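Below you'll find the structure, written out as structure tokens, and then a few comments.
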């Protein structure tokens, strides 16, 4: 990956060139005195009884953190805050897509969680059982998660954009006994019929005996007598506290399924103790939110970002969080900025894809809002390209808010590489996640397993372990070992490419399986996409390879232009010239197509496989997670026209 021309001096004023001595000291201490370090930092949460051993690594790589320590995550998220002045503090400010607003205090959250925990107990559930949650972005989703944790029930929360097959598969693999869903949710002004999708899933996964349905939209749905129960009918009004179940640190908290490009989704299991300690500390270290700050993780609760940094970490720290139901582009691209202004958001954490989508619509939307409450900006989900970083920093942060570019995965539980406001910021480089979190030892390894030279691309791996690491893969411990620990013994294999520059900064280059083989050269798609979005006028880009008898892969690019920019007669020629000059001739796309929108999931991930399938005139497969099916139709029409005009190319 090439840095921008001013990559090393983007903050040349030194505003963020704080003394990083504290960070270096903490990092050294965490590596050399691990047990003492984590014995201290585990106190960020409350324990019923402390551990007999900080780390039990006798059965590597099935690590156990805080062995024999006892706690309850729901208690730590809610109950303990009632003992101080957080009792009447807002835990969540919920905003519906249609403008509704709901403020839930820690006291109010406590009552809701206890009431629903009682309902789960009355349904016959107990410690070690599993339930599935398939809900929109509403307070009740959080309540269901915390109620399950309160009684020791493991939950698997399924992204509400998934279709019936994906839901059924997760219900079966987790052996869930109960499903919690809603009649529907709102997205882009339309109703998403969640109950209908859930019914279709239950036809394929019939072991569920009880379904609890929350009434969100009020539209007509089918309710199966004896199986389906309305939330407001089954949850008792009379308040009866439910004592928190005493859980072992290594008891499972939740299962979250990751969808790779191939193979069955992996059910990542996270534990109670190490995970809680990790997410609470990493949020504190990276963003340093204050007691009176308002935190907004603008992700979907169905992904690990939502689990860790919408629900658990903010509640463990006693913060006030924004929870927004709908699309940040609905009813127009000012939605995010209006929320920041109205609620005085102090830390804003979102994805590079969302940033590029908002960039596309120009500066007038954010410029029309008062964003002066912002203190810290953050990104998550994929490497951020320098152009998007600088727009976020200059236009949204007005040049005064550091951009915390976090790198982590479902498997890691929380941030593992990220700048740290709390421990001392280094000079930030647009596109670099900078340095590891305390106790994390990342290395960039070659195919042979040796450390690469500075600036040389390799596989990002982590030596040893950290408290937030997953426990295992549900029902498949051998796959856990094979996927993550067999390729480079002694290291966790992330599956991502990275480089480390001469100053030790880490630059993430995307998935190692998202690689093109062009004339014998291995090229990461993200490197080419970054170069494309650095071209003036291009807001977003997606790249894939088409089969080529000579090259192996020929590069095909789809781009979206920024608002106010139009395709000129020499657009493609000039763009190819810029790519050639910046990355070299081997990286120049054979084709560049301009479209209005790229196919994305509701969480903002670009679905390259859908683009490639449409381009090759194939069936794109499951597109239930797409934000809008209209995108597919537009690209199909564009490709049909292209095929007619260029029969010799296909």
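Go through 366, 333 for me and flag whichever is crowded, with 17+ Cβ neighbours inside 10 Å, over 19 Å from the mean Cα position of the chain (by Cα) and not in a helix (DSSP H, G or I). Steps first, please.
Details: 366 fails: not in a helix (DSSP H, G or I).
One residue alone meets the criteria, 333.
If you go through the stretch 336-363, how many residues are part of a helix (DSSP H, G or I) and farther than 24 Å from residue 386 by Cα?
Residues of the stretch 336-363 that are part of a helix (DSSP H, G or I), as a first pass: 336-343, 352-360.
Narrowing further to those that are farther than 24 Å from residue 386 by Cα: 338-339, 341-343.
Residues in the stretch 336-363 being part of a helix (DSSP H, G or I) and farther than 24 Å from residue 386 by Cα: 5 in total.
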Candidates 460, 471, filtered to the one that is at pLDDT 95 or above, within 30 Å of residue 391 (Cα to Cα) and not assigned by TED's automatic domain parsing to the domain that holds residue 598: 460
Elements of type strands (runs of 3 or more DSSP E) in the stretch 154-273, at least 1 residues being under 20 Å from residue 308 (Cβ atoms), in the same structural domain as residue 142 (by TED's automatic domain parsing) and out of contact with any helix residue (DSSP H, G or I) (no Cβ under 6 Å at 6 or more places or on another chain): 154-157, 252-258, 266-271
Take the residues in the stretch 292-309 that are without any contact (Cβ under 8 Å) to a residue 60 or more places away in the chain and part of a loop (DSSP other than H, G, I, E, B); name whichever of them is farthest from residue 88 (Cα to Cα). 298
Go through (1) over 22 Å from the mean Cα position of the chain (by Cα); (2) surrounded by 21 or more Cβ atoms within 10 Å (Cβ to Cβ); (3) assigned to a helix (DSSP H, G or I) for residue 149 and report which single condition fails. (1)
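Can you tell me which of 352, 419 is in contact with a strand residue (DSSP E or B) (Cβ under 8 Å, 6 or more places away or on another chain) and at pLDDT 95 or above?
On the way: 352 fails: at pLDDT 95 or above.
The conditions single out 419.
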Residue list for the stretch 619-636, restricted to those being at pLDDT 70 or above and surrounded by 11 or more Cβ atoms within 10 Å (Cβ to Cβ): 620, 626, 627, 631, 632, 633, 634, 635, 636
Residue count, the stretch 200-243 (criterion: under 20 Å from residue 157 (Cβ atoms) and free of Cβ contacts under 8 Å to residues at least 24 places away in the same chain): 2
Quick check on residue 60: is it out of contact with any helix residue (DSSP H, G or I) (no Cβ under 6 Å at 6 or more places or on another chain), buried (at least 21 other Cβ atoms within 10 Å of the Cβ) and farther than 23 Å from residue 317 by Cα? no
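I'm trying to understand the selection: among the residues of the stretch 82-96, which are crowded, with 17+ Cβ neighbours inside 10 Å and in contact with a strand residue (DSSP E or B) (Cβ under 8 Å, 6 or more places away or on another chain)? Lay out the reasoning, then the answer.
Taking the stretch 82-96 first, the residues crowded, with 17+ Cβ neighbours inside 10 Å are 86, 90-96.
Those that are crowded, with 17+ Cβ neighbours inside 10 Å and in contact with a strand residue (DSSP E or B) (Cβ under 8 Å, 6 or more places away or on another chain): 90, 91, 92, 93, 94, 95, 96.
Can residue 414 be described as in the same structural domain as residue 313 (by TED's automatic domain parsing) and outside any helix (DSSP H, G or I)?
Details: in the same structural domain as residue 313 (by TED's automatic domain parsing): yes; outside any helix (DSSP H, G or I): yes.
Yes: the conditions hold for residue 414.
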Go through (1) farther than 21 Å from residue 37 by Cβ; (2) buried (at least 22 other Cβ atoms within 10 Å of the Cβ); (3) touching a residue at least 40 places away in the same chain (Cβ under 8 Å); (4) more than 19 Å from the chain's Cα centre (by Cα) and name the single condition residue 423 misses. (1)
Exactly one of 16, 66 is buried (at least 17 other Cβ atoms within 10 Å of the Cβ) and at pLDDT 95 or above, and that residue is 66
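The values are calculated or read from the model by the stated rules, or taken from the named source; none is laboratory data. Note that the coordinates shown come from a computational prediction; the quantities given were computed from them, not determined experimentally. Counting neighbours? That spans all protein chains shown, and the Cβs are built from the backbone with ideal geometry, glycine included.
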